[in-house]
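Data block below; observations after.
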Amino acid sequence: MKRLPRANPARMNTSSSSFLETDPVKGSIAMGIRAAVVLALVGIVIAVCLNTPNINVPSEGGVIMQLPETVGSFVGKSMEITPVEKAILPPDTQFARMNYKNFKGEEVNCQIVLSGGEKRSIHRPEVCLPGQGWTKKSAEVIDVKLDDGRVLPVMKLVISRPVEVQPGVRKELTGLFLYWFVGKNSTTPYHWQRILRSDLDRVFHNVNHRWAYVIVNANVLDGFVPGAKNQEETLDMLKKFIGDVAPELLKPEVKLNK
């Protein structure tokens, strides 16, 4: 059997024995340097925290919380917030709500909900619709041209619910429900984009958006009221209403985007 060559002790790596036999003086110096570095980093973190604005404090909202008394040919009347809404939403949530009518008797509802320190007062508005008896038929984003020439993307929902027009007789009532979200300096019709923008701006720009949503809605009364508008005509009415009212509600620094 062939013998294996003997290892030469003089040529063996002794790095492990050298590591175990470290100089205690050098070890103490190294530990002192590491401790100094850690303390310096802690000091930097504390200094940054003390000089960084508190991002847990919401920024100012991008909307003006006062609906105008008139919008085009429509005249508004304030509507009270229900006790149920006040009970389920945080006390620092702000509301503005008005019902508008024109000389033809046509009606448009407009409301703003502005969140406070807690975010649970802001959600996708359609979440509340089933509890009010509405069923969502479709959803899409549409562009609305504003009176000042800008274009505002809004979410358009087509909703419906059965109503009793006479004893034992029910008809399907269609409604159009348009909304958009407004942050500190931007808008979006998308709930997911609002969440994403909140997280990114909070991390990278120290901005804690105080989001609001604006809702404009009306029922399609064609087939219920003689001479009433059909769905397309009702949508045109709502788009014209938004075109008139949005420039009055949005602060100048707010950019309109998708």
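The values are calculated or read from the model by the stated rules, or taken from the named source; none is laboratory data. What you see is a predicted model, and the numbers here were worked out from it, not measured in a lab. Don't worry about glycine lacking a Cβ; one is built from the backbone with ideal geometry, like all the others, and counts go over all protein chains shown.
From the residues in the stretch 72-106 that are aliphatic (A, V, I, L, M), surrounded by 13 or more Cβ atoms within 10 Å (Cβ to Cβ) and under 28 Å from G131 (Cβ atoms), which one is modelled with the lowest pLDDT?
Within the stretch 72-106, the first condition is being aliphatic (A, V, I, L, M), and the residues that meet it are 75, 79, 81, 84, 87-89, 96, 98.
Of the ones still in play, those that are also surrounded by 13 or more Cβ atoms within 10 Å (Cβ to Cβ) are 75, 79, 81, 89, 96, 98.
From what's left, under 28 Å from G131 (Cβ atoms): 79, 81, 89, 96, 98.
Working: M79: 95, I81: 85, L89: 78, A96: 96, M98: 98.
It comes out as L89.
Here the condition is being over 27 Å from L249 (Cα atoms), surrounded by fewer than 12 Cβ atoms within 10 Å (Cβ to Cβ) and not aromatic (F, W, Y); of G149, G168, it holds for G168 alone. Among the conditions (1) without any contact (Cβ under 8 Å) to a residue 60 or more places away in the chain; (2) not in a strand (DSSP E or B), D148 misses just one, which is (1). If the condition is being crowded, with 20+ Cβ neighbours inside 10 Å and of a type in the set (F, W, Y), then the stretch 212-248 contributes Y213, F241.
Hey, can you tell me all the residues within the stretch 70-117 that are part of a loop (DSSP other than H, G, I, E, B) and either of a type in the set (G, A, S) or under 16 Å from L250 (Cα atoms) (or both)? Answer for the stretch 70-117, where residues must be part of a loop (DSSP other than H, G, I, E, B) and either of a type in the set (G, A, S) or under 16 Å from L250 (Cα atoms) (or both): G72, S73, G105, S115, G116, G117. Filter the stretch 107-119 for residues that are among the β-branched types (V, I, T) and surrounded by fewer than 17 Cβ atoms within 10 Å (Cβ to Cβ) and give the result. Answer for the stretch 107-119, where residues must be among the β-branched types (V, I, T) and surrounded by fewer than 17 Cβ atoms within 10 Å (Cβ to Cβ): there is none.
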